[in-house]
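The values are calculated or read from the model by the stated rules, or taken from the named source; none is laboratory data. Please read these numbers as outputs of a predicted model, since none were measured by experiment. Every residue, glycine as well, gets a Cβ built from its backbone with ideal geometry; the counts of neighbours run over all protein chains shown.
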Amino acid sequence: MITCYLRYVIDPYKLEEFERYGKLWIPLVEKMGGQHHGYFLPSEGANNVALAMFTFPSLALYEEYRAKSLQDADCLAAFKYAEDTRCIVSNERSFFRPVFK
């Protein structure tokens with residue numbers, strides 16, 4: 001199991017647009033075999049940082065999802081929405097594995 005942690009720098013004046021972007025991606029990740037844990041928007045502190053987390057059974061399946069997302073019409077529309085609205089300034093990905101008892 002691998003969890004992708006995405007840290008976004010967003011335009012704080014386009015929070016509504018970023019929230020819509022997040023709502024587009026949650027079902028897309030799930031459609032492609034992942035489990036989305038949600039988007040987390042600024043509340044207190046920095047007003048230009050947002051987070052997202054989702055899990056795939058393996059890094060290989062995550063990589064398949066990334067490749068498929070570049071061919072999927074709904075994913076391409078979500079990418080275009082972010083580009084058109086310019087709600088995302090930058091993002092970075094990190095990957096984590098859980099540790100259980």
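Might you check whether a residue that is of a type in the set (Lys, Arg), in contact (Cβ under 8 Å) with a residue 40 or more places away in the chain and in contact with a helix residue (DSSP H, G or I) (Cβ under 8 Å, 6 or more places away or on another chain) occurs anywhere in the range 2-11? Checked against the condition, which is being of a type in the set (Lys, Arg), in contact (Cβ under 8 Å) with a residue 40 or more places away in the chain and in contact with a helix residue (DSSP H, G or I) (Cβ under 8 Å, 6 or more places away or on another chain), the range 2-11 yields no hits at all.
Exactly one residue among 42, 98 is in a loop (DSSP other than H, G, I, E, B) and surrounded by 14 or more Cβ atoms within 10 Å (Cβ to Cβ), and that residue is 42. Is there any pair linking a residue in the range 66-79 that is at pLDDT 95 or above to one that is surrounded by 12 or more Cβ atoms within 10 Å (Cβ to Cβ) and basic (Lys, Arg), with Cβ under 9 Å and at least six apart or on different chains, and which? Pairs found: 72/31; 74/31; 75/68. Do we find a residue being part of a loop (DSSP other than H, G, I, E, B), surrounded by fewer than 16 Cβ atoms within 10 Å (Cβ to Cβ) and among the small types (Gly, Ala, Ser) anywhere in the range 70-85? No, the conditions are met nowhere in the range 70-85. What are the residues in the range 62-84 that are touching a strand residue (DSSP E or B) at 6+ places or on another chain (Cβ under 8 Å) and closer than 15 Å to residue 3 by Cα, if any? Answer for the range 62-84, where residues must be touching a strand residue (DSSP E or B) at 6+ places or on another chain (Cβ under 8 Å) and closer than 15 Å to residue 3 by Cα: 62, 65. Report yes if residue 19 is assigned to a helix (DSSP H, G or I) and surrounded by 14 or more Cβ atoms within 10 Å (Cβ to Cβ), otherwise no. Taking the combined requirement at face value, the residue satisfies it. Residues in the range 45-61 that are in a loop (DSSP other than H, G, I, E, B), in contact (Cβ under 8 Å) with a residue 24 or more places away in the chain and over 23 Å from residue 1 (Cα atoms): 2 in all.
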